[in-house]
Structure formats: structure tokens, C-alpha cells
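Notes follow the structure.
The values are calculated or read from the model by the stated rules, or taken from the named source; none is laboratory data. Predicted model, so just to flag it, every value in this text is computed and none were measured. Backbone-built Cβ (ideal geometry, glycine too); neighbour counts: all protein chains shown.
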Amino acid sequence: MEHFPRSPLPSRRDALRACWLMLAAPQFLPSAARGQFADEPAAASGPILGDVREQPYRVGLTVSAVGGPCRNIYASLPIPADWPEQKVEIVKEDFSPDVRGVKYRSLLGGVKQMLIDIPDLPAGEQARAVLNLKVSRAALLPPTDTAGLRIPAKPDKSLRPFLASSPSIETRHPKVTKFAKSIGEGLDGWAKVEAIYDAVREKVEYRSGSLKGAARALADGWGDCEELTCLFIACCRISGVPARTVWVEGHCYPEFLLVDAGDHGAWFPCQAAGARAFGGMPDQLPILQKGDSFRDPDRSGQTLRYVSEFCRGAAGGGSPQVDWIRGGA
């Protein structure tokens, strides 16, 4: 058997430009927004839905049988899904005859996957399974009133994963804990989280490099988009603020949850690296997944920070060559 995992963020180091081409992710939207994307209750002081950008997006793979036939090829890959600020429509399914089965599943935490089965692929042949999508992604404006927003006193069980440690988000590391507790003494709610945001951006200089996590970024004083995101999320969680990672092509950014006087929660974005953006962002790139601690049935026993593409297959005399497709059409 051969396995073909993919690096989670193949282009995340390309340029600082990617670090501020992002937008946010509210869990609950104002009433004006619900009619477009989500039929969910609104927070009184949640983000405000702005302009909507419709964009084509393709995701899938091609598999070639090189040097002989290949059998029992199986692949899974993340695909954009509906979120309150995003709507995804399938425009066309492009499946070659060798593709005998396509299914979809959702993982706990915020990932939708396409599952592909190719039982037999003759030598020299190429199979494909590609989705042509229309992604409608909204811009967000910060809330007009933040005075009543506060840290949830009794977070719902569904928020527990966003208050715990995750890969590269070391909430129990003593230096990270000490740093988090030194920020915003006496502050609460929006002011507390904004103090964390400013402290992280002041402490850690943006600089491209390999993934090293929150603790190492704090010690080194520099890191890229992922490190700044990891440290911000870790500090939020230590302070009792639910926070999570949002993944888009080539980049990630954090969002945090606060509740209003009626205990209605809202997710707010912030750009950890690049141009300052706290509580709202104007740009719109397709969301691939949300979260930073996943269990994927295809990778038993592993806790994943990001659910990447996966493929396995029996050679049968040949070698399956996989090319992943992901991006704007």
C-alpha cells in the first residue's frame, strides 16, 4: 500500500500579501445577514455582513496509473462548506468513468470532506473527480456596539475544544500561560481580547519560517501567520475566551467568541499578521475549514491541526500519481 499525504499549507509562506487577504467567521449574524446565508439566531452585537463576493472554485484530484495498473485507490480531501458568512453551491460534478463512488462526510469541529473510490485504473489511464463550485463569501464589518460583549461565564459543551490545547497551541506551557495572564489585567470582554491581540502583535514580529507553534514563537519573538494565530488563540483560551483557527488557501487567521447580555454568542475575526483588522475584515477568500484539533478516520490515532488531502492505493504493477486540484477556476 502507498500513502500520499499532502502538506496542509503548500503556499502559506509565499508572501505577506496572503496574511491580510482574509475575512472573518461569525457563528451568529445580524438579522440582515441571516436571510442570505444562515438561518441562525443573531447576537445583538455581532459582526455586520458586508458585500458578498461570488467566485468560482475547483476542488478534487486526478490520478494517473504510471508503469502499470492500479487498484483500490481511495482519497479524501477537504472541500469548502457552508458557514454563516459563506454559501457553497455545486455547479458541476466532473467524475470520470473510473470513479465508482463519491461520498461526503463532516468531521467534528468544522471540516467537510469528499471521499473518492477508484477500484481499478488501467495502465496509462487517468481518473478525475473534480467539483466546480460557486462560493459566495461575505465581507464583515466590526460590531457597532461592543460595550455589552463579555467572556462566556459558562461556555456550552460545544465550545470546550476551543478552550483546550491543540497541536501547536500550547495552552499549558508555563511561559505562554505567564504571558497570557500578564495581559489586560482588570479588563473584560472586547477590551480584554483586543489587549491580547495588541500584545501578541507587539511581542511577535511577522517573519516567514517553518511551523514552530505558540511557545517557540513567544520565545523567539518572531513567527509567521500560523505562529501569531497560535499564540493569540492560546492566550485567548487561557483567559477563558473560546478561539479557533480559520483556514483558507495559503493562510490561516483566528476568530474568538464573546457573548452579549442575552448569552447569545458571536464569532469575531482578527488578522493576527499583516494589516491591523480586529472584529471585522473586508476581504473574501473561500473558507476551507475551521478548527485546529481534528480526528480523521483516515489517519487513526492522530490529532490533526489541519485536515489535509489523503490518498492510498494498491499498486497492482503500477504507481498511482496524484495531482490535487484546489483553487479558483
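Brief remarks follow.
- Identity of the residue in the range 260-278, in contact with a helix residue (DSSP H, G or I) (Cβ under 9 Å, 6 or more places away or on another chain) and either surrounded by 24 or more Cβ atoms within 10 Å (Cβ to Cβ) or in the same structural domain as Thr303 (by TED's automatic domain parsing) (or both), that ends up modelled with the lowest pLDDT: Ala273
- Counting only strands (runs of 3 or more DSSP E) that sit completely within the range 212-329, those holding 3 or more residues that are in contact with a strand residue (DSSP E or B) (Cβ under 8 Å, 6 or more places away or on another chain) and over 22 Å from Phe162 (Cα atoms) correspond to 310-314, 319-327.
- Search result, residues across the range 54-105 that are aliphatic (A, V, I, L, M) and over 24 Å from Phe294 (Cα atoms): Val63, Ala65, Val66, Ile90, Val91, Val99
- Only one of Ala127, Ala123 that is in a loop (DSSP other than H, G, I, E, B) and hydrophobic (A, V, I, L, M, F, W, C): Ala123
- The set of residues in the range 148-189 being of a type in the set (A, V, I, L, M) and either touching a Lys or Arg at 6+ places or on another chain (Cβ under 9 Å) or without any contact (Cβ under 8 Å) to a residue 12 or more places away in the chain (or both) consists of Ile151, Ala153, Leu163, Ala164, Ile169, Ala180, Ile183, Leu187.
- When residues of the range 294-329 are limited to those that are of a type in the set (Ser, Thr, Tyr) and either surrounded by fewer than 16 Cβ atoms within 10 Å (Cβ to Cβ) or in contact with a Lys or Arg (Cβ under 7 Å, 6 or more places away or on another chain) (or both), the one nearest to Phe232 (Cα to Cα): Thr303
- For the range 82-98, a residue qualifies if it is under 16 Å from Gln113 (Cβ atoms), of a type in the set (Asp, Glu) and in a strand (DSSP E or B), and exactly one does: Glu93.
- Identity of the residue in the range 80-97, surrounded by fewer than 19 Cβ atoms within 10 Å (Cβ to Cβ) and touching a Lys or Arg at 6+ places or on another chain (Cβ under 9 Å), that ends up modelled with the lowest pLDDT: Asp82
- Filter result for the condition that a residue is modelled with pLDDT of 95 or more and in a helix (DSSP H, G or I), over Ile196, Ile183: Ile196
- Verdict on Ser168 being within 21 Å of Cys235 (Cβ to Cβ), in the same structural domain as Ala273 (by TED's automatic domain parsing) and within 21 Å of the chain's Cα centre (by Cα): yes
- Candidate set: the range 99-127, residues that are touching a residue at least 60 places away in the same chain (Cβ under 8 Å) and within 30 Å of Arg244 (Cα to Cα); chosen: the one surrounded by the fewest Cβ atoms within 10 Å (Cβ to Cβ): Leu108
- Any hit, the range 242-251, residues being closer than 22 Å to Val200 by Cβ, within 15 Å of the chain's Cα centre (by Cα) and not assigned by TED's automatic domain parsing to the domain that holds Lys175: no
- Annotation note: Cβ proximity below 8 Å between a residue of the range 204-221 that is in the same structural domain as Phe179 (by TED's automatic domain parsing) and surrounded by fewer than 18 Cβ atoms within 10 Å (Cβ to Cβ) and a residue that is outside any loop (DSSP other than H, G, I, E, B) and of a type in the set (Lys, Arg) (sequence gap 6+ or interchain) occurs for Ala219/Lys175; Gly221/Lys203.
- Test for Arg244: is it surrounded by fewer than 24 Cβ atoms within 10 Å (Cβ to Cβ) and on the phi < 0 side of the Ramachandran plot: no
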